[in-house]
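> Following this message is one structure expressed as structure tokens.
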Amino acid sequence: MKLDHVVWFTERTPEVVTKQYPGAVVGGRHEQWGTYNALLYLQNAYIEWLAIENAEVADFSSHPLIELLKHDLPTYGEGWGTLCISTDEIQALNKKLERMGMHTSGVLDASRLTSSGTIKKWKMLFVNEKDLTDLPAPFFIQWEESEQSRRLALRAEGTISDESDAERILECELVTREPERTLERWCRILGVQPEDQESLMLNDVRLRFIENPDERNRMLAVVTGQAE
């Protein structure tokens with residue numbers, strides 16, 4: 001498993017986002033959820049700006065990510081929402097989480113109509129959360145294509161540039177009510193050992209858990225840097 005992408009909930013359109021962030025591109029539309037996005041691909045993951053395009057469709061969506069988006073925008077305004085981990089064995093992961101006593105969404109099929117008119121498909125998995133005011137668990141994705149194939153295609157179409165490919169996500173700082181307990185829970189979910197009392201390493205990305213009563217219990221910061 002590795003960090004796939006981080007999600008910023010926004011009220012801006014993808015076109016506005018691309019004008020504000022060099023290298024960002026219009027992603028496409030999730031017609032079944034009533035949302036659309038902009039994307040910025042870095043070397044080891046990407047940033048997604050997710051917004052509601054069709055409020056009527058979104059209001060009727062019970063998709064876990066859209067539920068979180070609908071909760072956070074009116075409650076907190078724009079900001080980091082959650083992060084996504086990629087896996088090659090999403091069905092097996094679902095069974096593992098269920099054996100651990102966690103309630104999940106089950107494996108969900110998803111797709112996006114890109115700005116070029118093609119359809120990208122993937123599968124998703126969520127840990128069900130009762131309390132949306134605390135930090136949600138990461139969600140999981142399994143792409144229809146391999147990461148190498150996707151990145152080659154994205155580079156060929158100009159979505160990944162030399163500049164963006166030279167930058168990578170180094171660390172995600174996450175705010176939660178009980179950092180030690182949350183760290184232990186995430187380690188169980190991800191099948192890793194903690195790095196220290198407040199962080200874990202997922203491949204080359206550090207996930208750090210802190211308590212900060214002045215901030216919402218979400219991802220507080222994403223630290224990027226030049227790739228080696």
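> Would you mind getting me the FRET efficiency between E11 and A166? Use the beta-carbon distance for r and R0 = 25 Å, nearest 0.05.
Numbers: r = 30 Å, r/R0 = 1.21.
It comes out at approximately 0.25.
> Which net charge results when you count Lys and Arg as +1 and Asp and Glu as -1 among the other residues whose beta-carbon is under 14 Å from that of F9?
On the way: positive: R12, K70, R216, R218; negative: E11, E48, E53, E67, D72, E78.
Counting the neighbours of F9, the net charge comes to -2.
> Taking the chain as a Gaussian network, where each spring joins two C-alpha atoms under 10 Å apart, which residue of K96, K120, K130 fluctuates the most?
Largest GNM mean-square fluctuation: K130.
> Pop a pseudo-label 7 angstrom from the Cα along the beta-carbon direction at both C187 and E56 and give the gap in nm to one decimal.
5.0 nm
> Could I ask something else about it? Which residue, chosen from L40, W122, T224, occupies the Cα position most advanced towards the positive end of the dipole of the chain, where the dipole is computed from +1 (Lys, Arg) and -1 (Asp, Glu) charges on Cβ about the Cα centre?
In the chain, that residue is W122.
> Can you say what percent of the DSSP beta bridges in region 72-228, counting only those with both residues inside, are antiparallel? Round to 5. Could you put the intermediate results ahead of the total?
On the way: 23 of 31 bridges.
Within region 72-228, antiparallel bridges account for around 75 percent of the total.
> Among L65, W80, M100, whose Cα lies farthest out toward the positive end of the dipole of region 45-110, if unit charges sit on the beta carbon of Lys, Arg (+1) and Asp, Glu (-1)?
M100
> Using the heavy atoms of the protein chains alone and a 1.4 angstrom probe, what is the accessible area of region 1-55 per residue in square angstrom? All intermediate terms of the calculation are to be shown ahead of the outcome.
Numbers: 2070 Å² over 55 residues.
About 38 Å² of surface per residue is accessible.
> Across 5 Å bins from the origin, how do the percents of Cα pairs in region 1-113 run, short distances first?
2, 11, 18, 23, 20, 14, 8, 3, 1, 0
> Another one. Can you pull the percent of the chain's accessible area that's carbon plus sulfur, 1.4 Å probe, other chains left in place? Mind showing how you got there, number by number?
Values: 5250 of 11290 Å².
Here it works out to 47 percent.
> Using 1/(1 + (r/R0)^6) with R0 = 30 angstrom and r between the beta carbons of K2 and D214, what's the FRET efficiency to the nearest 0.05? Mind dumping the intermediate values first?
On the way: r = 31 Å, r/R0 = 1.04.
Taking R0 as 30 Å, the efficiency between K2 and D214 is 0.45.
> Right, next: Using only protein heavy atoms and a 1.4 Å probe, report how much of W33 is accessible, in Å² to the nearest 10.
Surface open to solvent at W33 totals about 10 Å².
> What value, in deg cm²/dmol to 500, does the helix sum -39500 (n - 2.57) over DSSP H runs of n ≥ 4 give at 222 nm once divided by the residues of the chain?
Numbers: 7 runs with 62 residues, N = 228.
When only DSSP H runs of four or more count, the value is -7500 deg cm²/dmol.
> Rolling a 1.4 angstrom probe over the protein heavy atoms, how many square angstrom per residue are accessible across region 61-220?
Values: 8170 Å² over 160 residues.
Spelled out: the 1.4 Å probe surface of region 61-220, per residue, equals 51 Å².
> Additional query: Taking 0.36 nm per residue of sequence separation and subtracting the Cα-Cα distance, how much length would be gained by fully extending the chain between Y76 and H103, in nm to one decimal? Display every interim value, and only then the final one.
Details: separation 27, 0.36 × 27 = 9.72 nm, distance 2.63 nm.
Full extension of this stretch gives 7.1 nm more.
> Rounded to a whole number, what is D in µm²/s for the chain from Stokes-Einstein with the Kirkwood radius over alpha-carbon pairs (10 °C, 1.306 mPa s)?
Values: Rh = 18.0 Å.
After rounding, the answer is 88 µm²/s.
> In a shell of Cβ-Cβ distance under 14 Å around P22, excluding P22 itself, what net charge do Lys and Arg (+1) and Asp and Glu (-1) give? Kindly include the intermediate steps, with their values, before the conclusion.
Details: positive: K19; negative: D162, E163, D165, E167.
Here the count lands on -3.
The values are calculated or read from the model by the stated rules, or taken from the named source; none is laboratory data. Please read these numbers as outputs of a predicted model, since none were measured by experiment. FYI the Cβ positions are ideal-geometry reconstructions off the backbone, even for glycines, and counts take in every protein chain you see. Just so you know, the surface numbers come from the protein's heavy atoms only, side chains and all, with ligands and any DNA or RNA stripped out. Shrake-Rupley method; radii C 1.70, N 1.55, O 1.52, S 1.80 Å.
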